[in-house]
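Each reported figure results from applying straightforward, stated rules to the coordinates on display, with no laboratory input. Keep in mind the model is a prediction, meaning the values are calculated, not measured. Don't worry about glycine lacking a Cβ; one is built from the backbone with ideal geometry, like all the others, and counts go over all protein chains shown.
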Amino acid sequence: MPVILDGKKLSQEIQLEIKHTIEERRINGKKIPHLAAVLVGNDGASTTYVNSKIRLCKAVGMQSTFIHLDASTTESELLKIVHDINQNDDIDGFIVQLPLPKHINETNIIEAINPKKDVDGFHPINLGRMQLGLPAFISATPAGIVTMLERYQIETAGKHCVVIGRSNIVGTPMSILLSRNTNPGNCTVTICHSRTKNLKDICLQADIIVAALGKPEFVTADMVKEGAVVVDVGISRLDADNEKGYVIKGDVKFDEVAPKCAAISPVPGGVGLMTVVSLLMNTMKAVELNN
Ligand code: GUN
């Protein structure tokens, strides 16, 4: 059976480390880190994600502010709020939850965030600094995956990693991080997307697969070689006849892929939890950087 890359266990370990660091800061009279989250509208999944970010802040003793705006908020109103948070010395880091309503240009909002408070790592300055290997905020999902590979001591040097999906939030930064001369890193990376030909053949050559395309159960057993490491980034909500009214599915057909793997991350209980804890790690970095 494969090693299960247990995001729940790992995120709890890291939460405890953060909690201790915050407690030490408190004892030493240092500033308590403060994360703000802005949510525009009432999208179900986004509301769940933001609530879990705020809940985790509370669990580790971090200060948090949840700014929930009406779906009709205009771009200029949101820009004003971003500017106000940029100026607020008490807030060390903040995020604007994506996606935003269609009438708001996401790039304009991301570019308005002070890069020193951009704990999502979405600002072009942070993405550019990451590409150059300079200190930067690294987007929470790729950072969480790197932490997961590191803590589970997954060998990456010289391995062929296939990243499926080229989003700005996951696929693209992931491909950069794994190809860098670092540990984890030093992979030969192939990035695949909707126009890739022979996707199955490419996946079969992968020592490591990072599935981040957002299509439930897309990666099947016939696409995975024996002994591969599979990281599942997908979180799709599918309608279901249960109490919640939905089930969560990853991008990997876990039951048939897992027996072929050396290690695999489950959904739920994998990368998603690492993402939230990475956001807190970035906020810890922000409080050091900004004070
Ligand atoms: N939407 C999906 N993932 C994320 C994330 O990591 N940060 C923000 N702000 N929005 C998201």
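The table below gives the values:
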item: Aspartates and glutamates with Cα under 17 Å of LYS116, excluding same-chain neighbours fewer than 8 positions away; result: ASP84, ASP89, ASP90, ASP92, GLU288
item: Mean separation of Cα contacts under 8 Å (6+ apart) over length of segment 53-168, as relative contact order %; result: 16 percent
item: Cα-based radius of gyration of segment 150-226 once divided by 2.2 N^0.38 Å, which approximates compact folds; result: 1.05
item: Ranked list, fewest to most other Cβ atoms within 10 Å of each Cβ, for LEU35, LEU289; result: LEU289, LEU35
item: For the chain, with +1 on Lys and Arg beta carbons and -1 on Asp and Glu, the positive-most of ILE209, HIS68, PRO184 along the dipole; result: PRO184
item: Overall dimensions of segment 31-81 by Cα: Rg and Dmax, Å; result: 12.2, 35
item: Degrees between helix 75-87 axis and first principal axis of the chain (Cα, 0 to 90, nearest 10); result: 70 degrees
item: Normalised contact order of the chain, rounded percent, pairs of Cα under 8 Å and 6 or more residues apart; result: 22 percent
item: Overall dimensions of segment 150-291 as given by Cα atoms, namely Rg and Dmax in Å; result: 15.9, 52
item: Student exercise, the chain dipole from Lys, Arg, Asp, Glu Cβ charges, in Debye to nearest 20; result: 380 debye
item: Out-of-range pairs (alpha-carbon distance over 25 Å; input LYS58/LYS117; LYS8/LYS249; LYS117/LYS159; LYS215/LYS285); result: LYS117/LYS159; LYS215/LYS285
item: Per residue Cα convex hull volume in Å³ - calculated over the chain; result: 136 Å³
item: Alpha-carbon Rg/Rh ratio, for segment 1-66, with Rh computed the Kirkwood way; result: 1.09
item: Alpha-carbon spread of segment 52-187, three principal axes, descending order, Å; result: 48, 34, 24
item: Table column - 3J(HN,Hα) (Hz), segment 234-243, Karplus curve with 6.51, -1.76, 1.60, x for Gly and Pro; result: x, 9, 10, 9, 10, 4, 8, 8, 9, 4
item: Cα long-axis angle, helix 44-60 against the chain (0 to 90 degrees, to the nearest 10); result: 70 degrees
item: Cβ-isolated cysteines (cut-off 4.7 Å), the chain; result: CYS57, CYS192, CYS203, CYS261
item: Between 0 and 90°, nearest 10: helix 271-290 axis offset from the chain longest Cα axis; result: 40 degrees
item: Segment 116-150-segment 73-87 distance, computed between alpha-carbon centres (Å); result: 23 Å
